[in-house]
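Undergrad: Please find one structure pasted underneath; my questions will follow.
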Amino acid sequence: MASLKEDPILGIDGITIKEEFEIAKPVIDKLREDRPALETEGTVIKGESVIDKVIEEGSGGQGERDMVPPTCTSIHRSGSRPQLDLSKAAIEGNFEERDPTILLPNQSDDISHLALDIGGSLIKLVYFSRHQDRPTNDKRKKTVKERLGLSNGNRRSYPILGGRLHFVKFETSKINECLDFISSKQLHCGGVDSHSWHSDTSSNGNAVIKATGGGAYKYADLLKERLGVSLDKEDEMDCLVAGANFLLKAIRHEAFTHMEGQKEFVQIDQNDMFPYLLVNIGSGVSMIKVDGDGKFERVSGTNVGGGTYWGLGRLLTKCKSFDELLELSQRGDNGTIDMLVGDIYGGMDYNKIGLSASTIASSFGKAISEKKELTNYRPEDISLSLLRMISYNIGQISYLNALRFGLKRIFFGGFFIRGHAYTMDAISFAVHFWSKGEAQAMFLRHEGFLGALGAFMSYEKHGLDDLMVHQLVESYLGLHPVKRKRKRKRKRKRISWMEKFVQKGTEITAPVPMASSGTTGLGGFEVPSSKGGTLRSDASALNVGVLHLVPTLEVFPQLADPKMYEPNTIDLADHSELEYWFTVLSDHLPDLVDKAVASEGGTDDSKRRGDAFARAFSAHLARLMEEPAAYGKLGLANLLELREECLREFQFVDAYRSIKQRENEASLAVLPDLLVELDSMTEETRLLTLIEGVLAANIFDWGSRACVELYHKGTIIEIYRMSRNKMQRPWRVDDFDAFKERMLGSGDKKPCPHKRALLFVDNSGADVILGMLPLARELLRHGTEVVLVANSLPALNDVTAMELPDIVAEAAKHCDILRRAAEAGGLLVDAMINTSDGSKDNSSSVPLMVVENGCGSPCIDLRQVSSELAAAAKDADLIVLEGMGRALHTNFNTRFKCEALKRCRRNSNLRNEGHIPRLELKIYSLPVVYNS
Ligand SMILES: CC(C)(COP(=O)(O)O)[C@@H](O)C(=O)NCCC(=O)O
Ligand SMILES: [Mn+2]
């Protein structure tokens, strides 16, 4: 894909592309000569920054205490992954006990539904956790809902809640670790409240857990004894099929092919999924012909499977674990052990039957030679030879069965695969070879959890079977928040369930997937090891991941072509592109850590978490550099979201909290003057100024180094005005005249105001207050309902839906139009504010509303928006998207059913000029786009 940075000549809808213009280059040049340092200490920004100036000028030197509006310090929510509430945490039992169970009574995550697959080698756990619904008693929200016609009174208040499916595995030989884990997480207790998501309880009140696999029989008594739970046994084949069907239907990019080291995701069409052959490679192998949900037949199998590899491997090498054996194979040469066609044919191919000299004629066939001592065969070679033998054999039998039943697709699952590139290549090769290229092997990213997932699905009450495609949102992280230093005394206060299981590190370490050579996908998730090992088999390393279940997310109804929609403008498949972003994100990291730590008061704990976050995020980046598709198809949106997710993982709720607060205050202080200025203009000039103002104000972006440098240039209003004055039409895509005509009319054409506009807001401070609110005000003035759409969770300095009502309330103090509309939209509860003109007239019925978008990232994937936004969008006829994240990195090419105004600047990054790219700030506008 063409790089935006290299190819700025991208247009929308065939509109002529006009010359770009630069705004800030002189400013930056000046800054390069004379640049004061911007440093942070605690939450106070030192140095002659724009913010300090504005606060001094605009707020009469008010102290930090009095700043308005408040930000969302009251958000008691964990972001998109579990947060631990350690308050009232208590050690159960004896304090001197080595690994006591810790109860977390105030843990807000509502844990429910545990299912187990207890196999011969591994125990796989799937469990669901969700946040408790909070009462929707916010009057403001109720009014918005009524306005938007949201009938479902049970829908939760923002932010988005949903829940998570967790995937964890333990070695069966360490079943006690597994039981400790369940016990300390209280996974077996389910609950007895009205939530339909809770585990079942039997008639005598005992918890009943769904379980599959042979161990469900073998260990039933142990579970009863240790946890007091009964196992409701589900058939293994039923579970495998249910799990596979669920994954194929619900997870985008679940299935992929893997040939010669290349991984390619396959989009499975739900309507054309069946029949297929499911090959589950556990200790043994099952081959199942799947014809539909619950419709299947085990058509074949083989006793030569994962257990064979591990068992024979143990006999023939000194390996202590499966993963060690697998790792060994990566350094092996099977040619020293296998008899190849070339060995028989004197180095020649056997062309007549299509066998090359390097084809294995007989696995282990060379070991019959008496010339070599058995002890001289290298374990590495033995392991590889064994791996190839078993993989080829399984691939071949699978293909023959597919052929037997005329099946087009073969999906391979089971923990034998472990995301191991060589194993997948070998299976793929066999299928390709025997089918003469007609058939292709496909693999599943959650390969090892099919059975456990199927058992999980068998709970009747949870309704997961109703899930629509793509309602499960994958997390890139998926492990546990923090692993803390284990110190006996301090531990009592700070202990988390995680510590009970991960005791090896001496500092906080982040469980991140390591780039172990030859390993790919979820099977490769590992904890960074001080031992330097890349494949480990200890229990902590086996915990593999989380899927986010967000049942309330919906496809944005104004997408012109939802099926073809691709949010990412750049998919980072181009390695130089990935390298570029790797550098950008790495360079930004120290500053982000400083801000994150400051946002948590700069405590020692936050410093440790900041440090751990930096290491975790760097490790993720390194992993992705090595294997971009490691966590699914990678786009820039995913990469930027990963950073936010990672911050939340380390319990940084809002790194930019105080910065946002200051910028809001500073911008609100200058808003009245701006409104006066705008009102003194003619309608036409004002409209143009407002559109340009949106872009000018978007320059306050803490995610961009060039923008941050600009902050030193003057006060917020000075920079805003300077930026606005530099705007010159024609813009790169310029339909302003058509927009103006619709808004103001021309000649005998009457104005045709929009019915409802969705304004996707971006940054806090100037961006929303000086850019978007004045535009909203103008639209309201024309009788257009305005819905401000903001993030559900913090991301960089983006304003959140939680913060917006207070900002609007403050702005409304200076503006009647905003006040009336905000009251009508239910944003001003109890008409609690005093307007400058003292009027309480509520005559306007054109409402101004706030709706959360359902995400916590600088970008937006419009396939997954909140139900509130989806409802609001149905009647919208104008969409305004602003910012790099929402209008450039994502949705640059998105076509909507209704009119859309895309506003974003573009940083032109000249790469390959030394390690750090030279940044120039260029401003581009992508304004009015008529799609209809
Ligand atoms: C993270 C961002 C997408 C946020 O931009 P926004 O959506 O707020 O306009 C942007 O700051 C960005 O792309 N930053 C990295 C590249 C740079 O330094 O310009
Ligand atoms: Mn932003």
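The values are calculated or read from the model by the stated rules, or taken from the named source; none is laboratory data. The model shown is predicted, which means the values in this text are computed figures rather than measured ones. Note: ideal-geometry Cβ built from the backbone for every residue, glycine included; neighbour counts use all protein chains shown. Each accessible area value is taken on the protein alone, full model and side chains, heavy atoms only, with ligands, DNA and RNA left out. Shrake-Rupley method; radii C 1.70, N 1.55, O 1.52, S 1.80 Å.
Undergrad: Which residue is modelled with the highest pLDDT, if the candidates are limited to segment 685-736 and must be within 16 Å of ligand 2 (Cβ to nearest atom) and not in a helix (DSSP H, G or I)?
TA: It comes out as Asn698.
Undergrad: Only one of these is assigned by TED's automatic domain parsing to the domain that holds Trp702, part of a strand (DSSP E or B) and modelled with pLDDT under 90: Lys902, Lys840. Name it.
TA: Working: Lys840 fails: part of a strand (DSSP E or B).
Being assigned by TED's automatic domain parsing to the domain that holds Trp702, part of a strand (DSSP E or B) and modelled with pLDDT under 90 holds for just one of Lys902, Lys840, which is Lys902.
Undergrad: Let me ask something else. Cβ-Cβ distance below 7 Å, separation of 6 or more or different chains: which pairs start in segment 817-828 with a residue that is without any contact (Cβ under 8 Å) to a residue 24 or more places away in the chain and end on one that is part of a loop (DSSP other than H, G, I, E, B) and hydroxyl-bearing (Ser, Thr, Tyr)?
TA: What qualifies is Arg819/Thr835.
Undergrad: Could I ask something else about it? Asp762 passes all but one of (1) within 16 Å of ligand 2 (Cβ to nearest atom); (2) at pLDDT below 90; which number fails?
TA: (2)
Undergrad: Just the residues that are within 28 Å of Gln864 (Cβ to Cβ) and either acidic (Asp, Glu) or surrounded by fewer than 23 Cβ atoms within 10 Å (Cβ to Cβ) (or both), please, taken from segment 219-253.
TA: Phe246, Lys249, Ala250, Ile251, Arg252, His253
Undergrad: Right, next: Kindly indicate whether Arg643 is of a type in the set (D, E, K, R) and modelled with pLDDT under 90. Break it down stepwise before answering.
TA: On the way: of a type in the set (D, E, K, R): yes; modelled with pLDDT under 90: no.
No: the conditions fail for Arg643.
Undergrad: May I pose another question? Kindly evaluate Gly414 against the criterion of being on the phi > 0 side of the Ramachandran plot and either touching a residue at least 24 places away in the same chain (Cβ under 8 Å) or open to solvent by less than 20 Å² (accessible area, probe 1.4 Å) (or both).
TA: Values: on the phi > 0 side of the Ramachandran plot: yes; either touching a residue at least 24 places away in the same chain (Cβ under 8 Å) or open to solvent by less than 20 Å² (accessible area, probe 1.4 Å) (or both): yes.
Yes, satisfied.
Undergrad: What is the one condition in (1) at pLDDT below 85; (2) assigned to a helix (DSSP H, G or I) that Ile397 does not satisfy?
TA: (1)
Undergrad: Looking only at segment 614-650, count every residue that is of a type in the set (Lys, Arg) and within 16 Å of ligand 2 (Cβ to nearest atom) and tell me the total. Break it down into steps so the answer makes sense when it comes.
TA: Initially, segment 614-650 is screened for residues of a type in the set (Lys, Arg), giving 615, 623, 633, 643, 648.
Among the residues that remain, those that are also within 16 Å of ligand 2 (Cβ to nearest atom) are: 643.
Counting residues in segment 614-650 that are of a type in the set (Lys, Arg) and within 16 Å of ligand 2 (Cβ to nearest atom) gives 1.
Undergrad: Output the residues belonging to segment 355-372 that are part of a loop (DSSP other than H, G, I, E, B), open to solvent by less than 60 Å² (accessible area, probe 1.4 Å), closer than 25 Å to Val304 by Cβ and among the small types (Gly, Ala, Ser).
TA: In the first step, residues of segment 355-372 are kept if they are part of a loop (DSSP other than H, G, I, E, B); the result is 356-359, 363-364, 369-372.
Now restrict to residues that are open to solvent by less than 60 Å² (accessible area, probe 1.4 Å): 356-357, 359, 363-364, 369.
This time we only want the ones that are closer than 25 Å to Val304 by Cβ, so: 356, 359, 363-364, 369.
Passing the criteria: Ser356, Ser363, Ser369.
Undergrad: Leu796: within 16 Å of ligand 1 (Cβ to nearest atom), out of contact with any His (no Cβ under 6 Å at 6 or more places or on another chain), open to solvent by 10 Å² or more (accessible area, probe 1.4 Å) and modelled with pLDDT of 95 or more, yes or no?
TA: On the way: within 16 Å of ligand 1 (Cβ to nearest atom): yes; out of contact with any His (no Cβ under 6 Å at 6 or more places or on another chain): yes; open to solvent by 10 Å² or more (accessible area, probe 1.4 Å): yes; modelled with pLDDT of 95 or more: yes.
Against the criterion (within 16 Å of ligand 1 (Cβ to nearest atom), out of contact with any His (no Cβ under 6 Å at 6 or more places or on another chain), open to solvent by 10 Å² or more (accessible area, probe 1.4 Å) and modelled with pLDDT of 95 or more), Leu796 qualifies.
Undergrad: Here's something else I'd like to know. Quickly run through segment 592-604 and pick out the residues that are crowded, with 16+ Cβ neighbours inside 10 Å and in a helix (DSSP H, G or I).
TA: Result: Leu592, Val593, Asp594, Lys595, Ala596, Val597, Ala598, Ser599.
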